[in-house]
């Protein structure tokens, strides 16, 4: 391996690298430092750095007694790992963790032709985009110039739809980076070139911030005619009246929304660290002995959808699965994810009308227990919680929630209230969002709560305050 150049014997290393490799006694012996029994290893490093030593070959640092080798094929190994996993956040430990049963994956059939990449150019593009992302984060932290990042991104071209989407996302994030620095001209220029979800809303925001009210209003009117998602609708509802006032236009009074049911809860001041959600859960559980209360947030409804549609989510469509360690399909967040599986999702959701969904969810809960899924939260979903949910949640409500999630998986899987309260004997429920002192509803939470009110679902917002000690 040395002759092939795969590894190097006795490489040149810095003092800090030597420090990381050796124990305290070995480090002291190599540098001929006196280490008292009470001294720390870090103290020895500080003492050694005072001499400002240059880098040396490992053997030249002193009598250590071991040999040191350095790999020289990290880039090749990373390429092989990338070709296998289709990403760089997974590594070979997946094999060990799966063998030990720590991670369990659904077995999906895929052919030898199922690969994340089909050309060397795709691999090079992925690595280029990865470098762009790292350089952008470094530049943000250092306060440097983004010119190099922008040039690197503009040079990317690929026929791979997934890589095109990633490039668009990075470009959108570059616009956000300019915006954080109040560089509205560059932010606007980047957003104008982007068709990534949210870019149009950012353009409207930046135009308003830079005083271009007429241009912002014109773009907002275009967006109102064909909004891209619920988040944009919510943004337009806020910004359009403001832009109309600033341009002298007539502001149409919006139809008043139904007021969110509110619960004001005064609790004893906690004597130690606490989670306000858990304190509220304990209160609601004690306040009504006939009710059971769970902290579920986004876990419950997503898990029920995952159990009902398990086979559709893990169907072996081309480009969805290409190695045995995937917790979900690679195209989960693509625009065509639901469209390509439309018939399967329709058949699953149809079970909510026949009652078959009850058996499907129970069967998959038992058969798939512990298997990684992008929807099912096994740490939260117990058999007791599942049965109470199936008993108390009307299938019509499940149908509305599931359809909403599938309409925009990236945005609508979150925003669910913290607590769910069941009355099993009465077969009813209530969802409760908990807000502690100084906390307020987030946009995605507001959208979800408004959606529930539109469909007559029982929700409430609980504002918790504490008694003075």
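Every number in this text was worked out from the coordinates using simple rules, so none of it is lab data. What you are looking at is a predicted structure, and each value in this text was computed from that prediction instead of being measured. Cβ coordinates were reconstructed from backbone atoms using ideal geometry, including for glycine residues, and neighbour counts include every protein chain displayed.
The single condition among (1) touching a residue at least 12 places away in the same chain (Cβ under 8 Å); (2) touching a strand residue (DSSP E or B) at 6+ places or on another chain (Cβ under 8 Å); (3) closer than 30 Å to residue 125 by Cβ that residue 94 does not meet is (2).
Every test in (1) assigned to a loop (DSSP other than H, G, I, E, B); (2) touching a residue at least 60 places away in the same chain (Cβ under 8 Å); (3) on the phi < 0 side of the Ramachandran plot is passed by residue 304 save one, and that test is (1). Looking across region 1-48, the residues that are over 40 Å from the mean Cα position of the chain (by Cα), in a loop (DSSP other than H, G, I, E, B) and closer than 16 Å to residue 62 by Cβ come down to 10, 32, 33, 34, 35. Test residue 231 against the criterion of being touching a helix residue (DSSP H, G or I) at 6+ places or on another chain (Cβ under 9 Å) and either closer than 26 Å to residue 333 by Cα or in contact (Cβ under 8 Å) with a residue 40 or more places away in the chain (or both), and give yes or no. When the stated conditions are applied, residue 231 passes them.
Only one residue in 422, 416, 448 is buried (at least 19 other Cβ atoms within 10 Å of the Cβ) and under 16 Å from residue 305 (Cα atoms). Which one? So that I can check it myself, show each step before the final result.
Numbers: 422 fails: under 16 Å from residue 305 (Cα atoms); 448 fails: under 16 Å from residue 305 (Cα atoms).
Checking each option against the conditions leaves just 416.
If the condition is being crowded, with 19+ Cβ neighbours inside 10 Å and free of Cβ contacts under 8 Å to residues at least 60 places away in the same chain, then region 353-383 contributes 357, 361, 364, 365.
Residue 458 meets the conditions (1) farther than 21 Å from residue 260 by Cβ; (2) in contact with a strand residue (DSSP E or B) (Cβ under 9 Å, 6 or more places away or on another chain) in every case but one. The failed one is (1). Looking at residue 328, is it surrounded by 15 or more Cβ atoms within 10 Å (Cβ to Cβ) and out of contact with any strand residue (DSSP E or B) (no Cβ under 8 Å at 6 or more places or on another chain)? For residue 328, the condition - surrounded by 15 or more Cβ atoms within 10 Å (Cβ to Cβ) and out of contact with any strand residue (DSSP E or B) (no Cβ under 8 Å at 6 or more places or on another chain) - is met. For region 2-21, state whether one or more residues are out of contact with any strand residue (DSSP E or B) (no Cβ under 8 Å at 6 or more places or on another chain) and within 30 Å of residue 125 (Cα to Cα). Within region 2-21, one or more residues are out of contact with any strand residue (DSSP E or B) (no Cβ under 8 Å at 6 or more places or on another chain) and within 30 Å of residue 125 (Cα to Cα). Which of (1) more than 30 Å from residue 330 (Cα to Cα); (2) in contact (Cβ under 8 Å) with a residue 24 or more places away in the chain; (3) part of a loop (DSSP other than H, G, I, E, B) does residue 51 not meet, given it meets every other one? All conditions pass for residue 51, except number (2). Tell me, yes or no, whether region 210-222 has at least one residue that is in contact (Cβ under 8 Å) with a residue 12 or more places away in the chain and within 19 Å of residue 446 (Cβ to Cβ). No, region 210-222 contains no residue that is in contact (Cβ under 8 Å) with a residue 12 or more places away in the chain and within 19 Å of residue 446 (Cβ to Cβ). Of the residues making up region 274-282, none is in contact with a strand residue (DSSP E or B) (Cβ under 8 Å, 6 or more places away or on another chain), under 30 Å from residue 410 (Cβ atoms) and outside any helix (DSSP H, G or I).
Are there helices (runs of 4 or more DSSP H) fully within region 336-395 with at least 2 residues that are under 21 Å from residue 320 (Cβ atoms)? List them.
So the answer is 337-340, 342-354, 356-367.
Counting only residues that are assigned to a loop (DSSP other than H, G, I, E, B) and touching a residue at least 24 places away in the same chain (Cβ under 8 Å), which one in region 66-86 is nearest to residue 112 (Cα to Cα)? Give the derivation first.
Step one: filter region 66-86 for residues assigned to a loop (DSSP other than H, G, I, E, B), giving 66-68, 72-73, 86.
If we keep only those that are touching a residue at least 24 places away in the same chain (Cβ under 8 Å) too, we end up with 67-68, 72-73, 86.
On the way: 67: 41, 68: 39, 72: 30, 73: 26, 86: 14 Å.
In this case the residue turns out to be 86.
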